Amino acid sequence: MFKSFANLHLIKKKAIFDFGNHIIGCMLSVKNLTKEFKNLIVVDNLSFEVSEGKIFGLLGPNGAGKTTTIRTILNIIRPSSGNIFFDGKPITTEFFNIIGYLPEERGLYKKSRVIDVIKYFAVLKNIQAKKAISLADEWLNKLDLWDLKEKKIEELSKGNQQKVQFITSVLHEPKLLILDEPFAGFDPINQEKIKELILSFVDQGKIIILSTHQMDTAEKLCSDIMLIDRGKEVCSGSLKEIKKQFGLNVVSVGFSGNISEIKNHPNVIDMNLYGNRAEIKLKEEVQQSEFLRSISQQYSINSFNPIDPSLHKIFIDVIQRNADIR
Amino acid sequence: MRKIFEVAKWEFVEKVKTRAFIISIIITPAIIIGFSMGPTLLSDNESNTTQAIGILDSTGVYFKPLSSELEEYKLDDGQPNYVAVNLYNKHKLFNELKLAGDSLVLTDELEGYLFISEDQHSLKYQFRGRSIGNFKDLKRFERSFNKIRTEIKLSGKGLSSELIKYINDKVELHPIKLEESGKESSANFLVVFFTSFILIMLLMMMILYSGGMLIRSLIEEKSNRLIEILVSSCSSDELLTGKILGLSALGLFQIIIWVVLAIALTGSSLIPADAFKNVAPMLIYFVLGFIFYTSIFVGAGSIASTEQEAQQLTSYISLILLFPIILVFSAVQNSDSFMLQLLSYIPFTTPSIMILRLNLQEVSPQEILITTLILIISIYITITVAAKIFKIGILSYGKRPSVREIFQWLKEK
């Protein structure tokens, strides 16, 4: 009654046209996605691809455009330009049933019973009521919520409410799972549990998009990441590539005796001393092995390790550098 | 289609289970019956006992015939409605008697008294009482007095009592409501007034109650972002249609319970059987009116993001809803007025005004058809507009959008 199909046809025509360029085996592909709100560009020409069994980290500071990107993938809002393909087809409302979504801000129908809420969201994803209940039982068992299934949501602890919400986002076995801050609000034990579950989804060949501020988690889970700031891509690629690209040339050196003179070495930018260990920041172009050779002749060096930069550090450095440029 | 059904089912089942709904089923009719039946019951009680009415007659001519005339009026149980008490005493001054009469009324020993005095130019006739609002009593006092006065005047001219009786034989006017179907019924002002009043109040309270409920649940879904999960599971149109259907089913369920309740009560004759004459068209207006306003609530509700904003919106809508209730009184007195005809064709007032008119007069089938069509077309338009506002409104949080912004939403595809 209310649908206008005109646009749908347009998108379909375009899709057939674009189909030739599509990379086979890649399941979700976002191409030149842009979203404007009243002349404000919230998402600016983003492109990325996520394939089966991979977790894609969509990272960025608050207000970077992560949620808007997610909403366009979910088909809640329409992009101003650009396309989103799932398995080679433009994403439409037909894909509702194979997408699972855990929004950042949580909440369920407080006055309703746990089992009813889970069932409702499952039937909205086209799961038969009977099957929904048996799946719900399975999941409630898995997450130690079995005893609470007849309780009202408001009677549950916050952590348990989160678990129920997690169940609602995965019960219908979605092929594409979008998780926005999935660990927020969980204690460390439950965080581990959720992490294990997410990793099991990887084995099942799901496509997972993870949006989070917790860089250590992203580092442990994601195979590919994209860092966005103010709607624009700042860096993207596999974790290794990014670390290589943005990692700083820092080494940790164990020594005996006095090495304070190293500070004046032509290749050193900065040095911090911690007792018998020093962290030395080298100039970008300097080879670490060359540097070791040059200092081991003068000083007694016990150990020499490159420091792997954490994603956390890269995140802060890159975003700050971005802000400085502005 | 299946998702629409699932949304409707959820909205219906989860709301039927709430304590608030169960309470409203009982409370709403109780309030309405209290409001509308209260005055009738009170005035009935009054005339069920014999009243002591004083007569202070300075002329000495009227007391006897007036008291016997008044005692002719009987109560339902055959007891006299009035007992006349003579307040005249030839040993006292007239002004003193008047003061004494007043104090008898003020101490509630008398319901009131009739005061008759005559000077050279005119005859004065007063009813002095604490309550002077009972038109039935006052009309009787006036009629009885004038009858006696005519008799006295005529016999003064030498007419025989037989002739006087012949002249004085007056006929009362009985209003009869005619209907094209050939039926006729005696129109009782109170019955017509209160049935119309009850029906419109019911419609209004139901709309306000479920509209308020709808807005509250929308705000809950918006504030905890449930709405995002919902619209990533089904389209916003499906969600909107499901919500309207679910809520309408809830409203219909409520009516059914009330109708059953009312029929049970009709047995005890508290609700006049007249109320159920035009059930079919009334039900249509009821349901269509309900859907019309519910879709307005959906559109309005999706703009609000706090409880206060919701309350504000609800009060605006209730103003439109309240308007016909104000009209009920004058409509009952003049059911042919142009204003009433006009309002029948304005969708905001169509349901309540048509329910009112169906109750007051015979409405032609053409008029029923046209107004129903207008209502259906209006529902289609409101739902289409509401769907567009809903689609964007449910995803915008924080500041309430301006009218200009909403117009922009309507233009968006």
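Only the coordinates and a few stated rules stand behind these numbers; no lab work does. The structure presented is a predicted model; accordingly, all values stated were derived computationally and were not measured. As a convention, Cβ positions derive from the backbone with ideal geometry for all residues, glycine included, and neighbour counts pool all protein chains shown.
Quick one: if the Förster radius is 56 Å, what FRET efficiency do A:GLN204 and A:GLU279 give, using the C-beta to C-beta distance and rounding to 0.05?
After rounding to 0.05, the efficiency reads 0.85.
Using +1 at the Cβ of each Lys and Arg and -1 at the Cβ of each Asp and Glu in chain A, identify which of A:ILE307, A:HIS172, A:SER256 lies farthest towards the dipole's positive end.
Highest projection toward the positive end goes to A:HIS172.
For every other residue with a beta carbon closer than 15 angstrom to the beta carbon of B:LEU327, add +1 if it is Lys or Arg and -1 if Asp or Glu, then tell me the sum.
0
Separation between the A:TRP146 and B:VAL385 pseudo-spin-labels, each 7 Å from Cα along Cα→Cβ, expressed in nm?
The answer from the label model is 5.5 nm.
Can you give me the relative contact order of the stretch B:309-413 as a percent, contacts being Cα pairs under 8 Å and 6 or more apart? Kindly include the intermediate steps, with their values, before the conclusion.
Numbers: 38 pairs, mean separation 20.2, N = 105.
Averaging sequence separation for qualifying contacts and normalising by length gives 19 percent for the stretch B:309-413.
Please state the relative contact order of chain A as a whole percent: Cα pairs under 8 Å, 6+ residues apart?
With pairs under 8 Å counted, the relative contact order is 19 percent.
Relative contact order for chain B: what percent, with Cα pairs under 8 Å and sequence separation of 6 or more?
18 percent
Under a point spin-label approximation (7 Å from Cα along Cα-to-Cβ), what is the B:ILE22-B:MET1 distance to one decimal in nm?
It works out to 3.6 nm between the two label points.
Along the stretch A:251-256, what does the Karplus equation 6.51 cos²θ - 1.76 cosθ + 1.60 (θ = phi - 60°) give for ³J(HN,Hα), rounded to whole Hz, x for Gly and Pro?
10, 10, 10, x, 8, 10
Give a residue-ordered list of calculated ³J(HN,Hα) values for the stretch A:139-149 (Karplus: 6.51 cos²θ - 1.76 cosθ + 1.60, θ = phi - 60°; whole Hz; x for Gly, Pro).
5, 4, 4, 4, 9, 6, 10, 3, 5, 9, 5
If you place +1 on the Cβ of every Lys and Arg and -1 on the Cβ of every Asp and Glu, how big does the dipole about the Cα centre of chain B come out, in debye to the nearest 20?
Details: 39 positive and 40 negative charges, 217 e Å.
My answer is approximately 1040 debye.
Straight-line reach only, C-alpha to C-alpha below 15 angstrom: list the aspartates and glutamates that B:LYS90 could link to, leaving out same-chain residues fewer than 8 apart.
B:ASP57
Looking at chain B as a GNM with Cα springs under 10 Å, which of B:VAL61, B:VAL260, B:VAL363 has the largest mean-square fluctuation?
B:VAL61
In whole Å, what is the distance between the alpha-carbon centres of the stretch A:96-131 and the stretch A:214-287?
If you average the Cα positions of each part, the centres end up 44 Å apart.
Between the DSSP loop rule and a limit of at most 11 other Cβ atoms within 10 Å, which GluC sites (Glu not before Pro) in the stretch A:149-178 are left?
Those that pass, being in a loop and sparsely packed, are A:GLU150.
Estimate the FRET efficiency between B:SER68 and B:SER330 by the formula 1/(1 + (r/R0)^6), using the beta-carbon distance for r and 45 Å for R0, to the nearest 0.05.
0.65
Net charge within 10 Å of B:GLN341 by Cβ-Cβ distance, Lys/Arg positive one each and Asp/Glu negative one each, not counting B:GLN341 itself?
-1
Comparing B:SER103, B:SER330, B:SER217, which has the greatest mean-square fluctuation in the GNM of chain B with Cα pairs linked when under 10 Å apart?
Ranking B:SER103, B:SER330, B:SER217 by mean-square fluctuation puts B:SER103 first.
Starting from the alpha-carbon convex hull of chain B, give the projected area averaged over all orientations, in nm².
Value for chain B: 29.1 nm².
Between B:VAL61 and B:LEU283, how high is the FRET efficiency from 1/(1 + (r/R0)^6) when r is the Cβ-Cβ distance and R₀ = 35 Å? Nearest 0.05.
The computed FRET efficiency comes out at 0.05.
Once the piece of chain linking B:PHE135 and B:LEU252 is laid out straight, how much longer is it, given 0.36 nm per residue of separation minus the C-alpha distance between them? Numbers along the way, then the final one.
On the way: separation 117, 0.36 × 117 = 42.12 nm, distance 4.04 nm.
Extra length from B:PHE135 to B:LEU252 when fully extended: 38.1 nm.
So if each residue of separation counts as 0.36 nm, and I subtract the Cα-Cα distance between A:GLU52 and A:SER310, what length gain in nm does that give? Each step should come with its number before you reach the end.
Numbers: separation 258, 0.36 × 258 = 92.88 nm, distance 2.60 nm.
Net length gain for the segment: 90.3 nm.
Would you kindly derive the ³J(HN,Hα) couplings of the stretch B:149-156 from the backbone phi angles with the Karplus curve 6.51 cos²θ - 1.76 cosθ + 1.60 (θ = phi - 60°), listing them in order in whole Hz, with x for Gly and Pro?
Rounded to whole hertz, the list is 5, 4, 4, 4, 4, 5, 5, x.
Using 0.36 nm per residue, how much length does the chain from B:GLN311 to B:GLN120 gain when fully extended, once their Cα-Cα distance is taken away?
Difference between extended and current length: 62.0 nm.
Starting from the amide H of A:VAL234, placed 1.01 Å from N in the peptide plane, find each other amide H under 5 Å away whose residue is 5 or more places distant or on another chain.
A:LEU227, A:ILE228, A:ASP229
Give me the net charge of B:LEU56's neighbourhood, meaning all other residues with Cβ under 9 Å from the Cβ of B:LEU56; Lys, Arg count +1, Asp, Glu -1.
Once positives and negatives cancel, what remains is +1.
Show me, bin by bin at 10 Å from 0, the whole-percent P(r) of the protein assembly as shown based on Cα pairs.
2, 11, 15, 15, 13, 11, 9, 7, 6, 5, 3, 2, 1, 1, 0, 0
Measuring from label point to label point, each 7 Å out along Cα→Cβ, what is the A:SER81 to B:LYS411 span in nm?
2.0 nm
Going by amide H atoms built from the backbone, whose H comes under 5 Å of the H on A:ILE209, apart from near neighbours?
Residues meeting the amide H criterion: A:PHE56, A:LEU177, A:ILE178, A:LEU179.
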